[in-house]
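One structure is given below, encoded as structure tokens.
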Amino acid sequence: MSKINDFFKNIFKAKIDKTPQEIEQLKTLFRSRYHNFKLLLSANNKALEIMSEIEEALSGHRVFGKAFIKSNSASVIVNVFKIIKNLDSLAPEKYKELFDIFQIIKHDIDTVLVRTPSTTKAKLILTFEEIDEGMSSFTGSKMANLGGILKNTSYKIPHGFVITASASKMFFNHLDLQQEIDRRVVANHSEKIDSLFKLSSDIQQLIIKSPIPDEIIQGINSTYSELKKKIGDRFVSLRSSAIGEDSLGASFAGQYSSRLNVASHSILEAYKEILASMYNLTAITYRLNKGIADEDVSMCVGCMEMVDAVCGGVVYTGNPLSEEDDSIIINSVWGLPKPVVDGSANSDNFVVERQTLNIIKKEISIKSHKLISIKEGGLIKVELSQDEIQRPTLSDTMTLEITKMALSLEKYFHLPLDIEWAIDPKNDIYILQCRPLQKLTRSIYFNDEDFPEEKTSRIYRGGITVSQGVAAGTVHIVEKDADMLSFPEKDGILVVKQSLPRWAALLGRCSAVIAEQGGVVGHLATVARELNKPAIFNAANISALLSTGDVITIDARRTSIYKGHIESTLTRHTKLDSPLHGSPIYNLLKEISKKIIPLNLLDPDSIEFTPYSCKTLHDITRYCHEKSVKEMFNFGQEHHFSERASKQLMYNKVPLKWWVINLDDGFNEDVKGKYVKIENIISVPMLALWEGIMAVPWSGPPSIDTKGFISILHQATINPDLNPSMASQYQNKNYFLISRNFCSLVSRFGFHFATVETMLSERVSENYAGFSFKGGAADLDRRIKRAKFLGKLLEEYGFYVQVREDSLNARAEEIAEAEMEKRLKVLGYLLMHTRQLDMIMSNEELVKTYWIRMKNELDTITNRSK
């Protein structure tokens with residue numbers, strides 16, 4: 001007997017009628033299991049998000065340091081361990097070998113991370129001439145970027161040096177200062193603002209009162225003496241450049257102190273003030289809110305000459321509030337740029353269109369004061385002259401000079417940038433700070449195309465970019481495993497409805513991927529980025545727009561698809577290496593990612609899909625996710641509920657042959673008696689199924705030909721359990737096991753057995769629907785044809801289907817709630833309307849008639865356009 005048959009028999013064994021107390025204990029057990037399942041999915045999502053960040057860093061779309069590598073490696077390890085732990089809670093001891101495999105992979109990662117860094121870069125002081133953007137783990141990203149600009153571009157930065165992370169570490173380790181800080185942090189048990197304020201004040205005072213080690217003092221003094229030879233009597237600025245500012249998407253904008261126009265005798269004092277700002281209230285709460293550990297943030301300090309600024313400001317190489325707007329935005333004031341940075345004064349605003357370099361917006365504010373340096377040290381705010389109050393701070397010529405500089409640096413760093421600048425009396429532009437622009441993350445939709453042929457050839461725009469790039473090729477729509485066999489060896493564009501991991505087997509051969517569903521953190525998306533395959537997901541109805549054999553060009557960055565081979569699109573985009581490519585930091589992340597990112601487990605039905613085949617953390621997440629779904633829905637098999645635990649469903653005052661077991665929060669109130677009304681049920685997936693069940697009244701069994709009737713008699717003779725005239729404890733009973741977001745249905749109508757297992761909520765990553773169908777009174781050949789008929793129908797509505805003999809299994813997962821509800825309506829409909837279809841499977845005309853009728857009815861139920 002099939003597993004479904006066994007399951008059906010087992011779940012309703014009633015030889016030992018459980019007491020109400022035992023039933024309640026089972027419900028409590030379910031709630032605990034359900035909780036572990038949700039924790040596993042949450043950890044799984046977090047792990048995949050981190051893997052996506054690592055891939056983005058390797059692709060060259062961000063500058064990063066070792067803090068980024070350490071924090072993300074630690075975070076993904078923690079979350080994968082949570083996944084294994086929660087799977088073990090779902091199925092104790094069943095997958096215990098995963099713990100050992102996890103420890104082996106973790107050991108490999110830790111071994112790479114703890115390698116001693118090069119001593120040549122562990123200096124206490126480094127001049128700007130000695131550093132570049134690959135050294136952000138020693139100098140902080142802001143100072144490292146300035147060093148890269150000095151070394152590799154023609155743009156000017158102030159002369160200066162960096163007091164490195166090694167100096168910071170020496171300072172905090174001197175006289176056990178860090179131990180005392182850690183003790184005070186641990187002793188503070190409250191995250192209330194007043195408690196954090198006192199903690200912040202105490203630690204900052206402790207730092208300021210602590211002595212600087214002699215070695216650091218000597219290093220600063222000797223390096224400053226060399227700097228003085230270049231800048232003369234000009235004072236300096238000390239600017240924070242914290243390590244960790246590029247980790248976990250944190251900008252730390254405005255969190256730390258800077259000191260401007262500092263005299264030589266005040267440099268050491270200013271240095272300690274900036275170190276102390278690591279523990280100001282804003283920085284402490286920011287790290288708490290971002291989940292960033294204190295040890296992942298180390299303070300470096302840049303010491304550079306002051307620029308005698310006529311005017312200054314900030315330039316963005318994009319609109320920080322809009323991913324679509326790539327205009328250059330410049331804000332400028334008279335004097336030093338600090339009022340622009342801290343928002344303390346009105347500034348002029350200029351917007352430049354990047355392609356044409358036309359100034360498309362110019363807003364000149366009414367200004368009142370400017371901030372300037374004074375010869376005694378420090379700053380002073382002075383009133384503007386009448387001429388300066390309304391006069392633009394930048395001429396059109398200088399506006400375009402700043403724009404060109406910003407675009408050139410953006411091209412160098414391969415990132416949108418936030419650049420602080422100043423202009424001296426000689427009209428020379430100095431770059432004071434350069435860091436990645438923190439932009440609003442959203443789907444990318446571009447209204448303008450650069451080439452006319454793109455405008456006339458574009459057939460689709462939408463979805464989300466999950467892997468950037470461009471490609472051209474021939475469309476090949478894949479809906480089932482058989483479609484994979486005919487996929488071309490090269491230049492094929494893979495088009496799928498669901499972004500299932502199994503399609504990753506084709507990524508080595510395809511040029512690009514387009515999926516109707518899916519997001520950035522899914523398994524298929526991860527592999528697409530790993531293999532540098534352009535990919536657009538969440539492209540609604542794309543499989544209806546395209547046909548196998550179509551030649552198209554895809555621009556994933558612009559989420560656009562064009563008809564034909566568009567050469568201009570392909571030649572315009574070239575893959576650029578990361579500015580860190582080949583550096584020790586880049587190579588470190590690349591080596592560690594080999595134990596984190598690659599996905600080897602693709603097919604859950606393969607004999608190779610075992611714990612021992614897990615070679616990476618990604619493999620473990622894939623394996624655990626697959627097994628957790630199965631374990632979650634094994635609850636009914638392991639624990640037998642008696643009829644006492646169920647309530648018969650009442651619909652329109654009529655008791656139906658449907659019974660409901662409320663495992664947790666599936667009812668809107670405590671229901672007394674032996675009946676439950678549909679109005680009392682709030683299980684989201686059950687209600688979706690029920691809507692499909694009741695959508696179209698069943699018109700009765702199809703007309704049975706002579707062969708079909710003989711087949712019924714034969715099957716009933718050899719299998720008494722399938723004879724509806726004989727008593728059977730589970731005949732024509734249908735049981736729902738439910739909670740608010742969970743439903744497991746076991747259904748029997750006459751000769752047919754079916755199960756539906758589903759979870760449904762607003763959390764896309766948790767959504768799942770599994771459907772199994774077997775049985776029938778006809779001969780095996782007709783039952784097989786009926787299974788294939790249903791499989792083809794389910795594939796039409798976005799299910800992945802497997803048919804073996806007369807047994808059918810289908811699934812859909814990680815689909816938005818509204819779309820998943822439609823799929824559950826399809827399953828509900830099929831539960832009612834597939835009864836005795838096997839009887840007519842030898843009559844091609846009848847089969848065609850039923851296909852058309854059922855397809856039309858399902859299109860209506862799911863609001864699907866014809």
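The values are calculated or read from the model by the stated rules, or taken from the named source; none is laboratory data. Values in this document were obtained by computation on a predicted structure and should not be read as measured data. Please note: Cβ atoms are built from the backbone with ideal geometry, for glycine as well, and neighbour counts cover all protein chains shown. Only protein heavy atoms, including side chains, enter the accessible area calculation; ligands, DNA and RNA are left aside. Shrake-Rupley method; radii C 1.70, N 1.55, O 1.52, S 1.80 Å.
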Inset, instruction - Mind listing the long-range amide H neighbours of Tyr460? Cut-off is under 5 Å, sequence gap 5 or more, other chains count too, H placed in the peptide plane at 1.01 Å from N. - result: Ile561
Legend entry - For region 813-821, Karplus couplings with θ = phi - 60° (6.51, -1.76, 1.60), whole Hz, Gly/Pro x: 8, 6, 10, 4, 3, 4, 5, 5, 4
Legend entry - Accessible surface ranking that places the most exposed of Asp481, Asp418 first, with a 1.4 angstrom probe: Asp481, Asp418
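Note down the net charge around Ala406, summing +1 for each Lys or Arg and -1 for each Asp or Glu among other residues with Cβ under 12 Å from its Cβ. Numbers along the way, then the final one.
Numbers: positive: Arg354, Lys404, Lys411; negative: Asp326, Glu401, Glu410, Asp418, Glu420.
So the environment of Ala406 carries a net charge of -2.
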Legend entry - Segments 466-476, 854-864, 224-234 sorted - mean Cβ within 10 Å per residue, highest first: 466-476, 854-864, 224-234
Legend entry - From phi via Karplus (6.51, -1.76, 1.60), per-residue ³J(HN,Hα) for region 798-808 in Hz, x at Gly/Pro: x, 9, 8, 10, 10, 10, 10, 6, 9, 9, 10
Inset, instruction - Step through the residues of region 199-214 one at a time and calculate ³J(HN,Hα) from phi using the Karplus curve (6.51 cos²θ - 1.76 cosθ + 1.60, θ = phi - 60°), rounding each to whole Hz and writing x for Gly and Pro. - result: 4, 4, 4, 4, 5, 5, 5, 4, 5, 5, 7, 7, x, 8, x, 4
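Accessible area, 1.4 Å probe, largest first: how do Trp690, Trp659 sort? The partial results should precede the final answer.
Working: Trp690 15, Trp659 35 Å².
The ranking, largest first, comes out as Trp659, Trp690.
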Legend entry - Highest average packing first - 556-566, 424-434, Cβ atoms within 10 Å: 556-566, 424-434
Legend entry - Residues whose placed amide H lies under 5 Å from that of Gly469, excluding near-sequence neighbours: Ala556, Arg557
Inset, instruction - Using amide H atoms built 1.01 Å from N in the peptide plane, name the residues 5+ places from Lys677, or on other chains, whose amide H lies under 5 Å from its own. - result: Met650
Inset, instruction - Send over a whole-number figure in Å² for the accessible area per residue of region 144-186, probe 1.4 Å. - result: 45
